[in-house]
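K.L.:
Sharing a structure with you now.
The values are calculated or read from the model by the stated rules, or taken from the named source; none is laboratory data. What you see is a predicted model; the values in this text were computed from it and never measured. Cβ coordinates were reconstructed from backbone atoms using ideal geometry, including for glycine residues, and neighbour counts include every protein chain displayed. Ligands, DNA and RNA are stripped out before the accessible areas are found, and what is left, the full protein with its side chains, is counted by its heavy atoms. Shrake-Rupley method; radii C 1.70, N 1.55, O 1.52, S 1.80 Å.
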Amino acid sequence: MADALLTIENLHKRFGDVEVIKGVSLQVPKGDVACIIGPSGSGKSTLIRCVNALVPFEQGSVKVLGIEVNDPKLDKLKLRRHVGMVFQQYNLFPHRTALQNVMMAPMQVLKRPRAEVEAEAHALLKKVRLENKAHAYPGELSGGQQQRVAIARSLAMRPDLMLFDEVTAALDPETVGEVLITIRQLAEEGMTCVLVTHEMNFAREVANEVYFTDRGVIVEHAPPAQFFGNPQDERTKTFLSQVL
Amino acid sequence: MSDLPVFPKLPAALRPRARAGLSFALPRLTIWHGFGLTALLLICASVAQAANPAPLQKSIFATLVQWTPLLLRGFLLNIEISFLSMAMGTILGIALGLGLVAQTKPLRQTSWALTQFFRNAPWLALLFFMIYLLPYHMRIGGLHISLPDWLKAVVGLGLPVMANVAEIVRGGVRSIHPGQWEASESLGFTRNQQLFSIILPQAFKRMLPPWMNLYAILTTNTTLASIVGVNDVVTRAGQVLAAAGNNPGLLAPVYAYVLLLFFIYTYPVAIATRRLERRTKVRI
C-alpha cells in the first residue's frame, strides 16, 4: 500500500531490559479506522505513543504522510501538526475554560489570529455538542464532556491522523456512548483514526481493520467481520471469548 | 501541613465579626492570643522579680511603653530585611528552580549542587560568610556604593531563601500530572511554552503555601542579623536593657515583648497559609 497515511515497519521498543514491542508492522490508508485491541500490557498504548514521538523507539520505522519519526533530525512540531492525540485521562488543562483549551494550541503553536481561532473553536465545540459549555472549566464538566472537549482540542490543530488511547476506559458507562458517537462522526467524515480500545462493538461497527496484539506482537489482523466472525489464532479466540 | 497550636473557639457571641477583605482575622488574634501572651509575659516578669528582689525604678509596663518606639524601629528593620531577602531569594530561587527542571543535564546538575549547598548550610554561617566576604564599599565606574551591614544580611539570608524557593518551584512543577506534559507535547507546544502556559500556572497555586511558610521562617530568622551587628530588634532589646540599668527583672519581659511582636506579625501569615493549603487541597 503505497498511499498509506501511516506506515509502521518492524517497530521495536524496549523499556530497560523489557522489550514491550517486538517488531510490529501495520499500514493505515487515508480515511481508514484501525482498531488495536488486546490484553493489558501488550504494548498497545506504547505503540501509538511511538507514532507521534511521545515515546522514542530504538528500531524500525514509523512514517506519517512520509515523515519518518525515527529520525534524530525529526521536526517534532511538523509531525504533531499532522497527528492529534486523545488520552484516557482527557488531560485537559484545568486552569483554562473549554474554549481556551481548544484555542491554546492553534494560537500559540500555529500563531494563528485570535478571531479566526475563536470562531473555529466555537464551531468545534458545536461539533462535539458542547457549545453551551464553552466557558466552563474542566472541573465543572463530566468525564464524557471533558473527553469531547479533548477531541475538539486535538481537531483544532487540523490533524490528518487522530490517535485515541483507550479514550472511554476511564468514563462512566452512561457517558461512553456520547464519546463514541463523536468518534464515529469523525470517521464518517473521512478522518484517519487509530484507536486503542476495549469497545468491541464499536470496533466491529466502525473499524476498517482490527489488530489484535499480545506480548508486543500483532497476532492477527483482519477486517472486523472476519476478525470477530472467524478468528484464526488461538490467542485471539481465547481473548475474544473472554471479552465478548 | 502547618503545626500551629489549636486554640479553643470562643462562643459565637464573644467572637468578633469577621471583616470582609481582611479574612485572616487579626481581631481574633489580639483578643484571645494576645491575652495568652500577655499573661505569659507577666508570669515571666513576676518569676524574674521574685528571683531577684531588687526594686525597679519604674513599673515593667511603663518601661516597655517608654522604649516601644525604639524597639519598633528595630523591628521595622527586621521586616525590611525579610522583605528584601525574600524578594532576592524568590527571584533567584525561581531561576534556580527552573534550572532544576531543565532538560540540559549540566544546567540541571549545577542548579542541583547550588540548591543542595545553600539549603543545607546553616543560615548563621552563610550570614557570617557574607558579612566578611562582601566589602564595605564598592566602586562601579565612578559610583561609590557603601554596603551597610543590614544589606549584607539581606544577601546572607537571601541565599538560603533562594535554595528553598528553588526546591518549592521544583516540587510544584513535579506535582503536576505527567499527562499535562504529554497532552501539551502532543499538541506541538515547545518545552518553554509547556512550562509557562500550562505547567507553571497550575503549579503556582501549589507553590504559594510553602512559599508563605518560608517567609514566616525567614522573618523569625532575621534576628540572626543581630549577631553580626545589625541594629535590629534583638540588638535594640539589648540596648534597652542596658539603658534601664541592666536590671535582671526586665530581661524576660523585654524579650517576651520581642517575641510578641514577631508572633503578631507572623501568625496571620501562618493562618493565611493554612487557609490557602486547605483551599488548594479541596480544589485539586
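K.L.:
Here are some residues: A:SER40, A:SER45. Which one is surrounded by fewer than 22 Cβ atoms within 10 Å (Cβ to Cβ), touching a strand residue (DSSP E or B) at 6+ places or on another chain (Cβ under 7 Å) and closer than 25 Å to A:ASP172 by Cβ? Spell out the reasoning first.
P.N.:
Numbers: A:SER40 fails: touching a strand residue (DSSP E or B) at 6+ places or on another chain (Cβ under 7 Å).
From the options A:SER40, A:SER45, the qualifying one is A:SER45.
K.L.:
When you go through (1) closer than 29 Å to A:CYS50 by Cα; (2) open to solvent by 10 Å² or more (accessible area, probe 1.4 Å); (3) not basic (Lys, Arg) one by one for A:ALA98, which number turns out not to apply?
P.N.:
Unmet condition: (2).
K.L.:
Any residue at all in region B:258-268 that is farther than 21 Å from B:TRP150 by Cα, β-branched (Val, Ile, Thr), open to solvent by 60 Å² or more (accessible area, probe 1.4 Å) and modelled with pLDDT of 90 or more?
P.N.:
Scanning region B:258-268 turns up at least one residue that is farther than 21 Å from B:TRP150 by Cα, β-branched (Val, Ile, Thr), open to solvent by 60 Å² or more (accessible area, probe 1.4 Å) and modelled with pLDDT of 90 or more.
Yes or no, residue by residue, for (1) touching a residue at least 40 places away in the same chain (Cβ under 8 Å); (2) in a helix (DSSP H, G or I); (3) open to solvent by less than 60 Å² (accessible area, probe 1.4 Å):
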residue: B:SER184; (1), (2), (3): no, yes, yes
residue: B:GLY188; (1), (2), (3): no, no, yes
residue: B:GLN194; (1), (2), (3): no, yes, yes
residue: B:SER197; (1), (2), (3): no, yes, yes
residue: B:PRO201; (1), (2), (3): no, yes, yes
residue: B:LEU208; (1), (2), (3): yes, yes, yes
residue: B:ASN213; (1), (2), (3): yes, yes, no
residue: B:ALA216; (1), (2), (3): yes, yes, yes
residue: B:THR219; (1), (2), (3): yes, yes, yes
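K.L.:
Looking only at region A:107-123, filter to residues that are open to solvent by 20 Å² or more (accessible area, probe 1.4 Å) and aliphatic (A, V, I, L, M); which one of those is nearest to the other protein chains (Cβ to nearest Cβ)? Steps first, please.
P.N.:
Step one: list which residues in region A:107-123 are open to solvent by 20 Å² or more (accessible area, probe 1.4 Å), which gives A:107-108, A:110-116, A:118-120, A:122-123.
Pick out the ones that are also aliphatic (A, V, I, L, M) and you get A:107, A:110, A:115, A:119, A:123.
On the way: A:MET107: 10, A:LEU110: 8, A:ALA115: 20, A:ALA119: 19, A:ALA123: 18 Å.
Looking at residues that are open to solvent by 20 Å² or more (accessible area, probe 1.4 Å) and aliphatic (A, V, I, L, M), I get A:LEU110.
K.L.:
Quickly run through region B:110-142 and pick out the residues that are of a type in the set (S, T, N, Q) and over 26 Å from the mean Cα position of the chain (by Cα).
P.N.:
The answer is B:THR110, and nothing else.
K.L.:
Quick check: anything in region A:32-50 facing another protein chain (nearest Cβ under 10 Å) and outside any loop (DSSP other than H, G, I, E, B)?
P.N.:
Start the filter on region A:32-50 by keeping residues that are facing another protein chain (nearest Cβ under 10 Å), which leaves A:49.
Subset that is outside any loop (DSSP other than H, G, I, E, B): A:49.
Within region A:32-50, one or more residues are facing another protein chain (nearest Cβ under 10 Å) and outside any loop (DSSP other than H, G, I, E, B).
K.L.:
Something else: Pull up region A:78-106, narrow it to residues that are β-branched (Val, Ile, Thr) and not in a helix (DSSP H, G or I), then point me to the one that is farthest from the other protein chains (Cβ to nearest Cβ).
P.N.:
It comes out as A:THR97.
K.L.:
Tally up the residues in region A:180-222 that are assigned to a loop (DSSP other than H, G, I, E, B) and either in contact (Cβ under 8 Å) with a residue 24 or more places away in the chain or open to solvent by less than 60 Å² (accessible area, probe 1.4 Å) (or both), please.
P.N.:
Final tally of qualifying residues: 9.
K.L.:
For A:ILE151, work out the one condition from (1) β-branched (Val, Ile, Thr); (2) surrounded by 22 or more Cβ atoms within 10 Å (Cβ to Cβ); (3) over 14 Å from the mean Cα position of the chain (by Cα); (4) within 30 Å of B:THR280 (Cβ to Cβ) it doesn't fulfil.
P.N.:
For A:ILE151, the failing item is (3).
K.L.:
Is there a residue being closer than 24 Å to B:LEU208 by Cα, surrounded by fewer than 10 Cβ atoms within 10 Å (Cβ to Cβ) and not hydroxyl-bearing (Ser, Thr, Tyr) anywhere in region B:119-127?
P.N.:
yes
K.L.:
Could you grab me the full set of residues in region B:168-182 that are outside any loop (DSSP other than H, G, I, E, B), away from chain A (no Cβ under 11 Å) and surrounded by fewer than 19 Cβ atoms within 10 Å (Cβ to Cβ)?
P.N.:
B:GLY171, B:ARG174
K.L.:
Further question: Name the residue, out of A:ARG153, A:ARG158, A:ARG148, that is part of a loop (DSSP other than H, G, I, E, B), closer than 28 Å to A:LEU5 by Cα and at pLDDT 95 or above.
P.N.:
After applying the criteria, what remains is A:ARG158.
K.L.:
Follow-up. Would you check if A:GLU140 is away from chain B (no Cβ under 13 Å), of a type in the set (Asp, Glu) and open to solvent by 30 Å² or more (accessible area, probe 1.4 Å)?
P.N.:
no
K.L.:
If you check every pair at least six apart or on different chains, which have Cβ atoms under 8 Å apart with a residue in region A:1-13 that is open to solvent by less than 20 Å² (accessible area, probe 1.4 Å) first and a residue that is among the aromatic types (Phe, Trp, Tyr) and at pLDDT 90 or above second?
P.N.:
A:LEU11/A:PHE57; A:LYS13/A:PHE57
K.L.:
Within region B:67-104, which residues are closer than 17 Å to B:ARG174 by Cβ and open to solvent by 50 Å² or more (accessible area, probe 1.4 Å)?
P.N.:
Result: B:ILE94, B:GLN103.
K.L.:
To continue, here is another question. Determine which single condition A:ASP165 fails, assuming it passes every other condition in (1) under 29 Å from A:LYS78 (Cβ atoms); (2) within 14 Å of chain B (Cβ to nearest Cβ); (3) open to solvent by 30 Å² or more (accessible area, probe 1.4 Å).
P.N.:
So the condition that A:ASP165 fails would be (3).
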